[in-house]
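Engineer: Below is one structure. I have some questions about it.
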Amino acid sequence: MTPVLSVRGLEKRFGAVVAADALNLDIATGQKVSLIGANGAGKTTFVNLVTGYLKPDSGSIALDGIDIGRRSPRNVARLGISRSFQIPQLFIELTAAENLIVAVAGARAQALSFHAPAEAHDGKVLELLERFGLGGVADRPISELAGGVRKLIDIAMALVRRPKLLLLDEPTSGVSAEEKFATMDRVIHAVAPDAATIVFVEHDMEIVSRYADRVVAFYQGRILADGDPHNVLKDAEVRRFVTGGAQ
Amino acid sequence: MKHPLVMILLVALAALFGRVLPAWTLSLATVAASNALIALGIVILARTGNVSFGQGLFYAAGGYGVALIANAWGITDAVAQMLIGAVCGGLLGLVIGPLIARYSGIFFGMLTLALSMVFYGALVKTTALGGSDGFNVGRPSLFGMVFTDPREADFMLYAVAVVTTGLAGIAATILFRSELGLASLAVRENDLRVEYLGISSNRVVTINFAIAAVFAGASGAFALMAQRHIDPQFAYWTTSGEFVFVAVLAGYQSVAAIFVASLALELVRSFSNLYLPNTWQLVLGVFLLGVILFLPRGIGSLWIGKGRKRVEPAAVRGAAAQKEAAQ
């Protein structure tokens with residue numbers, strides 16, 4: 001199967017720190033891949049390189065065979081990669097619906113309109129909010145919403161483009177232990193119709209083992225292990241350098 | 001938002017109100033309307049998070065463009081002059097906008113200021129344009145009517161200025177509720193996130209910048225028609241600063257606040273100049289300080305309150321209406 005994302009010899013350094021050390025990785029369509037690793041292992045750098053926020057020192061990144069290594073975040077988004085953020089990046093003065101209206105406007109091929117958002121957009125916005133169980137907060141300003149709700153809206157905004165590849169940076173961070181499975185269930189259920197391939201950065205190994213069908217473990221900018229969750233999480237080096245023995 | 005037709009009616013009433021205004025207030029109200037027009041542009045731009053300290057550049061471009069064309073081709077019609085000013089300002093805005101949109105914050109503000117001062121310097125040194133003395137233009141007419149009575153001429157200019165500024169205000173109200181208006185606020189808060197959504201934040205800033213330049217050019221045309229004289233002072237930094245004062249006083253939440261702020265500033269300036277001729281700047285400064293201290297979000301916050309009016313999806317509005325009907 002042709003990989004949707006193909007990374008070859010990817011390198012990125014910040015002074016003496018090697019954040020990406022000759023990374024090679026293929027992600028096939030339909031996979032749910034979890035990136036794990038200790039703080040500073042290079043997971044978020046990898047996400048930032050793939051989404052165009054950082055430019056690689058060397059190596060290539062291809063989306064469906066198109067080189068995206070030197071493209072801007074805007075171009076990468078238009079080609080089909082969307083992301084959410086560890087700390088939700090929302091427009092806090094706008095309402096939940098208005099945040100999604102901006103996302104819908106960005107996903108359209110045409111220029112931004114001088115008219116009020118069309119009712120067709122409203123339908124899309126409400127459908128997305130309801131899919132995440134957030135229909136009731138449509139007209140609430142983001143500044144009044146709790147962190148977990150913001151996280152879901154951030155993911156909903158990334159989903160508007162129906163991306164080929166959806167990158168989620170710690171989708172359950174800031175969510176209580178009791179709610180993490182319910183939140184992740186909701187995310188996986190909500191993104192399923194629009195995003196075939198999902199890569200999520202995660203620290204919680206229970207979430208990883210339950211929702212990922214492939215795990216890539218990072219350590220000091222290198223890939224320490226790559227494979228199905230059962231094997232990777234049992235790997236001795238992963239247990240020593242990444243999970244610290246957690247299952 | 002009121003229905004546009006209601007707003008147009010209000011604008012027409014404001015224009016007709018000039019008939020009952022004392023003669024001395026007509027020119028003051030004309031200047032206030034003209035300044036409100038350029039300040040409206042600054043507020044539109046400020047919604048992207050960028051403040052222009054050099055709108056005098058487009059104000060002067062509009063004024064000089066109109067003056068040169070009026071003198072060369074004998075165009076005296078007030079509406080035509082206003083349109084020429086808007087086109088001159090807008091064309092310059094379209095040239096400068098894409099270049100300046102790459103910058104933000106203080107760099108953006110300083111660049112606009114620098115460009116206006118470069119233009120000022122060039123105007124002062126250009127003897128063909130009258131150098132620092134500038135040059136005069138004839139009295140404006142309207143649709144072929146020439147106004148020899150000063151009171152009628154003042155009313156005509158007042159009416160054209162109020163109608164133009166009022167229509168610009170209605171357009172701005174629609175703009176604020178549009179996709180572009182929402183995207184502008186989004187750029188103001190987080191331009192990188194906007195880029196991640198596939199929207200060019202530079203393009204959003206450029207469009208707002210060009211709109212602000214159009215309004216500034218038209219405002220320059222009104223200033224020229226009111227004074228019947230133009231000089232490089234139009235592009236000087238203190239002129240730009242006055243427009244920023246109006247925008248700061250108004251805040252960015254309400255279009256109506258810009259008109260109120262502009263009128264208030266002109267009234268305070270005129271009366272303090274009349275009764276305290278040696279210390280009028282002090283009065284003006286205290287007034288500005290008072291507004292900034294007690295209304296940090298501008299005069300508009302008096303009636304907009306804590307929250308901005310929201311754009312609700314139609315389905316939400318529909319559901320609310322159904323709920324209301326059921327009760």
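Bear in mind that the values in this text are calculations on the coordinates, not laboratory data. A quick note: this is a predicted structure, and the numbers were derived from the prediction, not measured. Please note: Cβ atoms are built from the backbone with ideal geometry, for glycine as well, and neighbour counts cover all protein chains shown.
Engineer: Across the residues of A:94-101, average count of Cβ atoms on other protein chains within 10 Å?
Structural biologist: 5
Engineer: Per DSSP helix of 4 or more residues, -39500 (n - 2.57); summed, then divided by the residues of chain B. What does that give at 222 nm, rounded to the nearest 500?
Structural biologist: -24500 deg cm²/dmol
Engineer: Given contacts defined as C-alpha pairs under 8 Å and at least six residues apart, what's the relative contact order of region B:187-293, whole-number percent?
Structural biologist: RCO, region B:187-293: 13 percent.
Engineer: Under 14 Å Cα-Cα from A:K234, which aspartates and glutamates qualify once same-chain neighbours fewer than 8 residues away are excluded?
Structural biologist: A:E206, A:D226
Engineer: Using the beta-carbon distance between A:A177 and B:I106 and R0 = 45 Å, what value does 1/(1 + (r/R0)^6) give for FRET efficiency, to the nearest 0.05?
Structural biologist: Between A:A177 and B:I106 the formula returns 0.50.
Engineer: Right, another one. Grab the beta carbon distance between B:Y275 and B:F135, set R0 = 35 Å, and tell me the FRET efficiency rounded to 0.05.
Structural biologist: Step by step, r from the Cβ atoms, then E = 0.50.
Engineer: Just check chain B against the gyration tensor rule for me: Cα atoms, a ≥ b ≥ c as the square roots of the eigenvalues, rounded for a/c under 1.5, and otherwise prolate or oblate depending on whether a/b exceeds b/c.
Structural biologist: prolate
Engineer: Please state the shape class of region B:84-129: rounded when a/c is under 1.5, otherwise prolate if a/b exceeds b/c and oblate if not, all from the C-alpha gyration tensor.
Structural biologist: Here region B:84-129 falls in the oblate category.
Engineer: Please work out whether region B:116-192 counts as rounded, prolate or oblate from its C-alpha gyration tensor, where a ≥ b ≥ c are the square roots of the eigenvalues and a/c under 1.5 means rounded, while otherwise a/b larger than b/c means prolate and anything else oblate?
Structural biologist: oblate
Engineer: Per the Cauchy relation, a quarter of the hull surface: what is the mean projected area of the convex hull of the alpha carbons in chain A, in nm²?
Structural biologist: 13.7
Engineer: Could you tell me the relative contact order of chain A? Use alpha-carbon pairs under 8 Å, at least six residues apart, and round to a whole percent.
Structural biologist: Taking the mean separation of contacting Cα pairs over the length of chain A, I get 26 percent.
Engineer: Still on this model: Could you tell me the center-to-center distance, by alpha carbons, between region A:1-25 and region B:121-185 in angstrom?
Structural biologist: Each part's Cα centre sits 58 Å from the other's.
Engineer: Now for a different question. Can you give the Kirkwood hydrodynamic radius of region A:39-103 from its Cα pairs, in Å with one decimal?
Structural biologist: About 13.3 Å for region A:39-103.
Engineer: Take the cross-link list A:K55/A:K124; A:K55/A:K164; A:K43/A:K180 and give me the ones stretching past 31 Å between alpha-carbons.
Structural biologist: Pairs exceeding the cut-off: A:K55/A:K124.
Engineer: Right, here's the next one. Could you work out [θ]222 nm for chain A from helices alone, using -39500 (n - 2.57) per DSSP H run of at least four and dividing by all its residues? Round to the nearest 500 deg cm²/dmol.
Structural biologist: Computed ellipticity for chain A at 222 nm equals -9000 deg cm²/dmol.
Engineer: Considering the dipole of the protein assembly as shown built from charges on the beta carbon (Lys and Arg +1, Asp and Glu -1) around the Cα centre, which of B:L113, A:P229, A:N24 is farthest to its positive end?
Structural biologist: B:L113
Engineer: Okay, moving on. Looking at region B:35-107, I'd like the Rg to Rh ratio, where Rg is from alpha-carbon atoms and Rh is Kirkwood's inverse mean 1/r.
Structural biologist: 1.04
Engineer: Here's a follow-up. Pairs of Cα atoms under 8 Å, at least six residues apart: use those to get the relative contact order of chain B, whole percent.
Structural biologist: Relative contact order for chain B comes out at 32 percent.
Engineer: Continuing with the same structure: If you split all Cα-Cα distances of the protein assembly as shown into 20 Å bins from zero, what percentages do you get per bin, shortest first?
Structural biologist: Computed distribution, short to long bins: 19, 42, 27, 11, 1.
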